[in-house]
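Here is the structure we will look at, set down as structure tokens.
The values are calculated or read from the model by the stated rules, or taken from the named source; none is laboratory data. Since the structure is predicted, the reported quantities are computational estimates derived from the model, not experimental observations. All Cβ positions, glycine included, derive from the backbone under ideal geometry; neighbour counts span all protein chains shown. With ligands, DNA and RNA removed, areas are computed over all heavy atoms of the protein, side chains included. Shrake-Rupley method; radii C 1.70, N 1.55, O 1.52, S 1.80 Å.
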Amino acid sequence: MARSGKAAVFRELNKPVVVETISVDSPKRGEVMVKLAACGVCHSDLSATNGTIPLPPPLILGHEAAGEVVEVGEGVASLKAGDHVVSSFIYMCGACRFCAAGRPVLCLEQGKALTTLPDGTLRTRDEKGAYINIFSGCGVMAEYATLHIDNLVKIDPKIPLDHAALVGCAVTTGVGAVFNTARVEPGSSVAVFGCGGVGLNAIQGAAIAGAERILAIDTMASKLEMAKKFGATDVLLTTPGQDPTKEIKKLTGGGPDYAFECVGSGALAELAYKVIRRGGKAVIVGVARATDAASIKPMGMVFEEKTLQGSYFGSCVPRVDFPRMLQLYMAGKLKLDELITRRYKIDEAPEAFADLEAGKNARGVIVF
């Protein structure tokens, strides 16, 4: 049965999102319909609206959400109505060499679900009956969404859905970059560039991993105050165009063992690599524009044995890492409550995106 509900939609480049009533068709084979409870307002959604991530409008935004299954399609045995789930924006075919090796974030078939479901079709229509695209196979900034079961992870129903939603992107991206990509060692030093939703989670991931010194770097004092609450031992306020290399090396005893670029900037990626110590590792987490670039001197890479590495979605395995993150939360080790700076109604989605762009929130969450 088709259901209607409100959704946040990107229709024009560099224009505010609009809230519309959409119609969501019943699930087909291998799919389920979810009644969403909460959806995080992520910088990646904003990046779609400004062209940093080139996805064609009209587009229902949202990829970091949690809700309850209300209808299942043919052949679905792993989920049933009433189950609580978190969305995953990576499509996992389960058969390519990377999926078989336990690295689904590198799945060769991901292109199948950039703006549609994996079969290339849509279950979403606007008020005029025209099909409307969905962000990364999800489109979950809406009251209802139909997703493929490979884009959903079942979770413990005891966990509040507005908190659980955050592991669908920000938490897993940041903490995962620390745990899975860099494998930060206890007693090490860490520098994190950018203290937004992902950066704060890289900071708390480093704290959980036992890093001795965690330096948070940002251009906004308010974000650095938040960074302290998530485990930063030192903070550095910078200004655009400033080269803080000397200050970073001074605060980390000659350079951090690990540096995480969580903004999406070629210049910051270059700086992260520049400041790490000999044998250190710089991890690029933020998504930069396709035209952005960074300059690295190969000679230094050889003689100093530095590593420059990317981290997509925290190098995670969603069905392993989502429950892992939520177990850390239930054990009191991972901060999720503190991440939610403000809750919004769906009609307040334009304001939520404006606040995101202004850097007001650690994480804004739309609650349905």
Assuming Ile53 fulfils every condition listed in (1) crowded, with 18+ Cβ neighbours inside 10 Å; (2) touching a strand residue (DSSP E or B) at 6+ places or on another chain (Cβ under 9 Å); (3) aliphatic (A, V, I, L, M) apart from one, which condition is it?
-> (2)
Lone qualifier among Ala177, Ala221 - being under 27 Å from Val105 (Cβ atoms) and small (Gly, Ala, Ser) = Ala177
Which numbered condition Glu64 misses (of (1) in contact (Cβ under 8 Å) with a residue 60 or more places away in the chain; (2) open to solvent by 30 Å² or more (accessible area, probe 1.4 Å); (3) within 25 Å of Pro350 (Cα to Cα)) | (2)
Out of Val76, Val72, report the one residue that is in contact with an Asp or Glu (Cβ under 9 Å, 6 or more places away or on another chain), open to solvent by 40 Å² or more (accessible area, probe 1.4 Å) and among the hydrophobic types (A, V, I, L, M, F, W, C).
-> Val72
Might you check whether a residue that is farther than 24 Å from Ala164 by Cα and outside any strand (DSSP E or B) occurs anywhere in region 309-327?
-> no
Within region 327-337, residues open to solvent by less than 60 Å² (accessible area, probe 1.4 Å) and out of contact with any helix residue (DSSP H, G or I) (no Cβ under 6 Å at 6 or more places or on another chain) come out as Leu328, Tyr329
Enumeration of residues in region 10-43 that are open to solvent by 60 Å² or more (accessible area, probe 1.4 Å) and either polar (S, T, N, Q) or in a strand (DSSP E or B) (or both) | Asn14, Lys35
Cross-chain or 6+ apart pairs with Cβ under 6 Å, region 338-359 first and closer than 22 Å to Leu224 by Cβ, then open to solvent by 50 Å² or more (accessible area, probe 1.4 Å) = Gly359/Met220
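Residues checked against (1) over 30 Å from Arg11 (Cβ atoms); (2) over 19 Å from the mean Cα position of the chain (by Cα):
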{"residue": "Val105", "(1), (2)": "no, no"}
{"residue": "Thr121", "(1), (2)": "no, yes"}
{"residue": "Asp150", "(1), (2)": "no, no"}
{"residue": "Ile155", "(1), (2)": "yes, no"}
{"residue": "Phe179", "(1), (2)": "yes, no"}
Near pairs, Cβ below 6 angstrom, 6+ apart or cross-chain, from region 185-206 (touching a residue at least 60 places away in the same chain (Cβ under 8 Å)) to any residue that is hydroxyl-bearing (Ser, Thr, Tyr) = Ser189/Thr252; Val190/Tyr258; Val198/Thr173
Gly102 fails exactly one of the following numbered conditions: (1) part of a loop (DSSP other than H, G, I, E, B); (2) buried (at least 17 other Cβ atoms within 10 Å of the Cβ). What is the number of that condition?
-> (2)
List pairs: first in region 210-239 and touching a residue at least 40 places away in the same chain (Cβ under 8 Å) and at negative phi, second open to solvent by less than 20 Å² (accessible area, probe 1.4 Å) and assigned to a helix (DSSP H, G or I), Cβ under 6 Å, 6+ apart or cross-chain?
-> Phe230/Leu200; Phe230/Ile203; Phe230/Gln204; Ala232/Ile203
In region 136-151, how many are open to solvent by 10 Å² or more (accessible area, probe 1.4 Å) and closer than 12 Å to His63 by Cα?
-> 1
Restrict the check to region 153-164 and report whether at least one residue is crowded, with 24+ Cβ neighbours inside 10 Å and not in a strand (DSSP E or B).
-> yes
Test Gly102 against the stated conditions and say whether it is farther than 26 Å from Thr341 by Cα, out of contact with any Lys or Arg (no Cβ under 6 Å at 6 or more places or on another chain), free of Cβ contacts under 8 Å to residues at least 24 places away in the same chain and not acidic (Asp, Glu).
-> no
State which residue is most open to solvent (accessible area, probe 1.4 Å) when the search covers only region 252-310 and only residues that are farther than 24 Å from Ser47 by Cβ and among the acidic types (Asp, Glu).
-> Glu305
